[in-house]
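Have a look at the structure below, then the notes.
The values are calculated or read from the model by the stated rules, or taken from the named source; none is laboratory data. Predicted model only: the values in this text are computed from it and were never measured. Cβ sites come from the backbone with ideal geometry, for glycine too, and all protein chains shown count toward neighbours.
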Amino acid sequence: MKPFKKNKIYHWAVKTGNISIQRNNHCICLSLDYEPEASCQLTRRDTHEIVEILTQISTQIWQSSTYQSEPYTNQRHTINGNNYAWEIESSILNLSYNEDDRCVELHCQGNTTLNLAVNDTVEIIQRLEQAVNSSL
């Protein structure tokens with residue numbers, strides 16, 4: 001993996017909506033823009049690209065000499081059937097697989113711009129990879 005600039009912003013026009021990712025100190029800023037639709041929909045390729053960037057930025061944060069990791073003690077998300085939800089700040093990030101459209105869906109209840117901790121990001125990466133490997 002090649003190093004990434006600290007403040008670079010990554011933008012994707014995904015199947016439905018737009019996603020922006022940027023490092024924000026020791027967090028990853030994830031922004032979803034899916035209006036007027038109900039969620040951002042990601043194809044298999046979109047999902048792979050998002051996973052790659054989230055992984056690279058998380059690694060960069062983890063290896064930073066000023067980063068103090070927080071212990072991973074419990075699963076940070078809830079599961080309800082095919083929906084995974086993370087409470088982040090005062091919002092909820094939902095990730096699900098839409099079988100009819102054969103895509104991953106991301107939706108926020110509350111703010112659509114979230115600062116993800118590394119532990120949350122690792123779980124999100126795992127669930128995105130799981131969706132791609134088992135369904136798309």
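Output the number of residues of the stretch 8-36 satisfying the condition of being among the β-branched types (V, I, T), assigned to a loop (DSSP other than H, G, I, E, B) and under 29 Å from S69 (Cα atoms).
Adding up the residues that qualify gives 0.
Could you tell me whether the stretch 77-85 includes any residue that is in a loop (DSSP other than H, G, I, E, B) and either surrounded by fewer than 19 Cβ atoms within 10 Å (Cβ to Cβ) or not β-branched (V, I, T) (or both)?
Yes, that holds for at least one residue.
Inspect the stretch 59-74 for any residue being among the aromatic types (F, W, Y) and part of a strand (DSSP E or B) and give the result as yes or no.
No: the stretch 59-74 contains no residue that is among the aromatic types (F, W, Y) and part of a strand (DSSP E or B).
Conditions (1) among the acidic types (D, E); (2) in contact with a His (Cβ under 9 Å, 6 or more places away or on another chain); (3) modelled with pLDDT of 95 or more, marked per residue:
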| residue | (1), (2), (3) |
| --- | --- |
| I9 | no, no, no |
| I19 | no, yes, yes |
| N25 | no, no, no |
| C29 | no, no, yes |
| I53 | no, no, yes |
| I57 | no, no, yes |
| T66 | no, yes, no |
| N74 | no, no, no |
| N82 | no, no, no |
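If you go through the stretch 57-67, how many residues are surrounded by fewer than 17 Cβ atoms within 10 Å (Cβ to Cβ) and closer than 20 Å to L114 by Cα?
3
List the residue pairs whose Cβ atoms are under 9 Å apart, where the first residue sits in the stretch 38-50 and is within 16 Å of N83 (Cα to Cα), the second is among the basic types (K, R), and the two are 6 or more positions apart or on different chains.
C40/K15; Q41/K15; L42/K15
For the subset of the stretch 75-124 comprising residues that are among the charged types (D, E, K, R) and under 14 Å from the mean Cα position of the chain (by Cα), which member is farthest from R23 (Cα to Cα)?
Of the stretch 75-124, the ones among the charged types (D, E, K, R) are 76, 87, 89, 99-102, 105, 120, 123.
Imposing the further condition that a residue be under 14 Å from the mean Cα position of the chain (by Cα) reduces the set to 76, 87, 105, 120, 123.
Working: R76: 20, E87: 19, E105: 22, D120: 14, E123: 17 Å.
Per the criteria, the residue is E105.
Within the bounds of the stretch 112-126, is there any residue that is under 19 Å from H26 (Cα atoms), among the small types (G, A, S) and either surrounded by 14 or more Cβ atoms within 10 Å (Cβ to Cβ) or in contact (Cβ under 8 Å) with a residue 24 or more places away in the chain (or both)?
Looking for residues that are under 19 Å from H26 (Cα atoms), among the small types (G, A, S) and either surrounded by 14 or more Cβ atoms within 10 Å (Cβ to Cβ) or in contact (Cβ under 8 Å) with a residue 24 or more places away in the chain (or both), one finds at least one in the stretch 112-126, hence yes.
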